[in-house]
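The values are calculated or read from the model by the stated rules, or taken from the named source; none is laboratory data. Just so we're clear, the structure is a prediction, and the values are computed from it rather than from any experiment. Positions of Cβ are backbone-derived with ideal geometry, glycine not excepted, and every protein chain shown enters the neighbour counts. Side chains included, ligands, DNA and RNA excluded: accessible areas come from the protein's heavy atoms. Shrake-Rupley method; radii C 1.70, N 1.55, O 1.52, S 1.80 Å.
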Amino acid sequence: MDAKELSEFLTPPKMTTREILLVFTGAAIALLLVATGTSFFRHDYRYGIWCFLVAIVLGFVVFRKRRLALVITSLGSILALGSLGFPFHPSLVGLLLLLGCAAAFYLTVRWSYEKYPYLSYKHMHTVFEGEAAMAAENARIEAEARELVKKRPYGPWLFR
């Protein structure tokens, strides 16, 4: 494997326009939910309820079958934006929000790895296609791995 092939193998896949729009929609939903919490904290219930309803409607309409993509994009955007602003406006609530988002992000990624162990970052597009596509891709890769083990039971590094 030469350097160009190795570089192509290691570069992450390019996101499509649809996936970029889904990421921005997930970030908008996360920010709406943060605005909901903030407005409830300030006792502005009407604005909080409207933000919550808009976030719920956007979540149901856009991320109907893509729950994992919604959770990852939302937590990632809160974590990224919160970590940028926390040093300038430190507070206990901000720290708890950042630590909670980091913990939830870690647990979500760990859960998805346990549920779909054969998917890697190279299969990023299947996350945005939905849970059924992820399960089908995971089963396909698992079947390929089983066939490879049958073909070469001592590993791919030993040639017979």
*Can you give the FRET efficiency for Ile141 and Tyr45, using 1/(1 + (r/R0)^6), R0 = 45 Å, r = Cβ-Cβ distance, to the nearest 0.05?*
0.40
*Rough spin-label spacing in nm, given labels placed 7 Å along Cα→Cβ, for Lys122 and Phe24*: 3.1
*Mind checking which of Pro153, Pro117, Ala132 is farthest towards the positive end of the range 113-153's charge dipole, using Cβ charges of +1 (Lys, Arg) and -1 (Asp, Glu) about the Cα centre?*
Pro153
_What do you get for the angle between helix 17-41 and the principal long axis of the chain? Use alpha-carbon atoms, 0 to 90 degrees, nearest ten._
30
*What's the longest bit of the chain with no exposed chymotrypsin sites (Phe, Trp or Tyr not before Pro), using DSSP loop states and at most 16 other Cβ atoms within 10 Å as the test?*
1-87
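About the Cα centre of the chain, how large is the charge dipole given +1 on each Lys and Arg Cβ and -1 on each Asp and Glu Cβ? Please answer in debye to the nearest 20. Present the calculation step by step, with values, prior to reporting the outcome.
Details: 18 positive and 12 negative charges, 62 e Å.
Value, rounded to 20: 300 debye.
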*asked:* Checking the table Lys4/Lys115; Lys14/Lys151; Lys65/Lys150; Lys65/Lys122 against a 26 Å threshold on Cα-Cα, which pairs fail?
replied: Lys4/Lys115; Lys14/Lys151; Lys65/Lys150
_Please list the three semi-axes, largest first and in whole Å, of the ellipsoid equivalent to the chain, using sqrt of 5 times the eigenvalues of its alpha carbon gyration tensor._
39, 18, 15
*Using only alpha carbons, build the gyration tensor for the range 62-148 and give me the equivalent ellipsoid semi-axes, biggest first, whole Å.*
32, 13, 9
*Simple spin-label estimate for Arg152 and Val93 in nanometres, 7 Å along Cα-Cβ*: 5.7
*For Ala69, what is the net charge nearby, where nearby means another residue's Cβ is under 13 Å from its Cβ and Lys, Arg count +1, Asp, Glu -1?*
+2
*Carbon-plus-sulfur fraction of the accessible area of the chain, 1.4 Å probe, in percent?*
71
*May I ask you to give the solvent-accessible area per residue for the chain, in square angstrom, as obtained with a 1.4 angstrom probe?*
72
*Against the longest alpha carbon principal axis of the chain, how many degrees, from 0 to 90 and to the nearest 10, is the axis of helix 45-62 turned?*
20
